[in-house]
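Below is one structure, written out as structure tokens; the observations come after it.
The values are calculated or read from the model by the stated rules, or taken from the named source; none is laboratory data. What you see is a predicted model; the values in this text were computed from it and never measured. Cβ placement follows ideal geometry from the backbone for every residue including glycine, while neighbour counts extend to all protein chains displayed.
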Amino acid sequence: MASLRNYQKFWKKQFEKEYQAKQLLIKSLKLSAAKAAQMLGRQFGAKKVFLFGSIIDGELFHKHSDLDLAVEGIQPQEYISALSKISRLFAGKVSVDLVPLEDAAPKLKDLIQKKGQLIYG
């Protein structure tokens with residue numbers, strides 16, 4: 001019986017460590033997302049930047065999640081350059097998905113505007 005309790009304690013402690021590490025990662029990524037949003041505004045003329053996806057609901061976020069940003073106001077010819085520049089901010093941590101709101105499907109655009117977090121504009 002003692003070995004079962006030890007087993008339970010071990011896994012409880014392990015899950016708690018993983019949860020805390022995930023929360024720290026989410027916090028760090030949100031801070032970096034805010035920096036990326038500022039960069040998109042200053043250097044590429046973004047009017048609005050939204051953070052959306054699994055990072056918003058921390059329960060859905062996992063170590064293989066990407067970071068979803070939606071941007072409004074960047075000229076199409078600047079998109080690749082903007083994505084490249086902000087991807088460097090997250091290198092080694094997470095991949096970035098940058099969605100131009102002007103080109104987003106109506107359902108996705110609606111979801112972003114309703115459930116996403118406006119982090120710039």
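Overview of values
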quantity	calculated
Criterion violated by Phe10 - all others in (1) surrounded by fewer than 19 Cβ atoms within 10 Å (Cβ to Cβ); (2) closer than 21 Å to Tyr120 by Cβ satisfied	(2)
Hits in region 65-121 (condition: out of contact with any strand residue (DSSP E or B) (no Cβ under 8 Å at 6 or more places or on another chain), closer than 14 Å to Ser32 by Cβ and β-branched (Val, Ile, Thr))	none
Output for region 1-39, where each listed residue is modelled with pLDDT of 90 or more and either in contact with a helix residue (DSSP H, G or I) (Cβ under 6 Å, 6 or more places away or on another chain) or not in a helix (DSSP H, G or I) (or both)	Ser32, Ala36
Conditions (1) in contact with a Gly (Cβ under 6 Å, 6 or more places away or on another chain); (2) closer than 22 Å to Glu72 by Cα; (3) among the aliphatic types (A, V, I, L, M): number failed by Ile26	(2)
Per-region count, region 31-59, residues more than 16 Å from Tyr120 (Cα to Cα) and either of a type in the set (S, T, N, Q) or in contact with a strand residue (DSSP E or B) (Cβ under 7 Å, 6 or more places away or on another chain) (or both)	3
Test: residue in region 101-114 that is modelled with pLDDT of 95 or more, of a type in the set (Gly, Ala, Ser) and over 11 Å from the mean Cα position of the chain (by Cα)	yes
Residue in region 55-73 that is without any contact (Cβ under 8 Å) to a residue 24 or more places away in the chain and over 14 Å from the mean Cα position of the chain (by Cα) present	no
Extreme residue, nearest to Gln43 (Cα to Cα), among residues of region 74-121 that are without any contact (Cβ under 8 Å) to a residue 40 or more places away in the chain and small (Gly, Ala, Ser)	Ser81
Test set (1) out of contact with any strand residue (DSSP E or B) (no Cβ under 6 Å at 6 or more places or on another chain); (2) in a helix (DSSP H, G or I); (3) surrounded by fewer than 18 Cβ atoms within 10 Å (Cβ to Cβ) - His62 fails condition number	(2)
The listed residue being modelled with pLDDT under 95 and in a helix (DSSP H, G or I), out of Arg88, Arg42	Arg88
